[in-house]
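What follows is a set of notes on a single structure, which appears directly below.
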Amino acid sequence: QTLGSAAASVTFSSIPSTYTDLILVLNGSVSASDYIFFQVGNGLADTGSNYSYTWLDSRVASSRASNSTAAFAGPSVLANEQMNTIIQFQNYSNTTTYKSYLSRGNSTSGWVTAAAGLWRSTSAINRVDFFQQSGVDFASGTTVTIYGIKAA
């Protein structure tokens, strides 16, 4: 998915459950410095306090959250700076376990982040919504690509 104009969020819906893992890749820029977050769900995005994560970055900062309403995805990039964020979900379609994820991101200014987190739900993921923490826009031309990985 490539944004034809600036947008406050990017959504993937109707993700099939035919894979074991998902990889989501976000490339682009934002209109103001901000952190990238996401929500997942089955049908609708889960906006409840069901996310936990820990992140750290190359600028010697780190944070963790429990009972958050969204999951940390990537670095705080500067306005119009290029960034790349990759998120991996293991067993996203499994309906008996919580969903864990790993994320790593970087920006052209050299900011690098890594995160590990959990969505505390046994529902299969069929929707992912990306957004900026304070609601700033993703720039036109930003791409989000989703890959499904099948078990061997």
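The values are calculated or read from the model by the stated rules, or taken from the named source; none is laboratory data. Because the structure is predicted, anything quoted here is derived from the model rather than measured. Neighbour counts are summed over all protein chains in view; Cβ atoms, including those assigned to glycine, are modelled from backbone coordinates with ideal geometry. Areas reflect the complete protein model, heavy atoms only, side chains present, ligands, DNA and RNA absent. Shrake-Rupley method; radii C 1.70, N 1.55, O 1.52, S 1.80 Å.
Listed values, structure above:
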{"quantity": "Along each principal axis, Cα extent of region 64-152, largest first, Å", "calculated": "41, 32, 21"}
{"quantity": "Relative contact order (%) - the chain, alpha-carbon pairs under 8 angstrom, separation at least six", "calculated": "41 percent"}
{"quantity": "Hz values of 3J(HN,Hα) by residue in region 84-94 - Karplus curve (6.51, -1.76, 1.60), Gly and Pro given as x", "calculated": "9, 9, 10, 10, 10, 10, 9, 6, 4, 9, 5"}
{"quantity": "Integer Hz, Karplus 6.51/-1.76/1.60 couplings in order for region 36-42, x for Gly and Pro", "calculated": "9, 10, 8, 10, 10, x, 10"}
{"quantity": "Rel. contact order, % - alpha carbon contacts under 8 angstrom, at least six apart, region 1-82", "calculated": "35 percent"}
{"quantity": "Rounded to whole Hz, the Karplus (6.51, -1.76, 1.60) HN-Hα couplings of region 15-22, x for glycine and proline", "calculated": "5, x, 9, 7, 10, 9, 10, 10"}
{"quantity": "Among 54, 28, 136 - extreme Cα towards positive end, dipole of the chain, charges at beta-carbon", "calculated": "54"}
{"quantity": "For the chain, size of Cβ-based charge dipole, Lys and Arg +1, Asp and Glu -1, in debye", "calculated": "340 debye"}
{"quantity": "log₁₀ of I(q)/I(0) at q = 0.12, 0.14, 0.16 Å⁻¹ - the chain, Debye sum with one point per alpha carbon", "calculated": "-0.45, -0.62, -0.82"}
{"quantity": "Residues with amide H under 5 Å from that of residue 77, placed H, sequence gap 5 or more", "calculated": "34"}
{"quantity": "In Å², nearest 10: area of residue 86 left accessible to a 1.4 Å probe", "calculated": "40 Å²"}
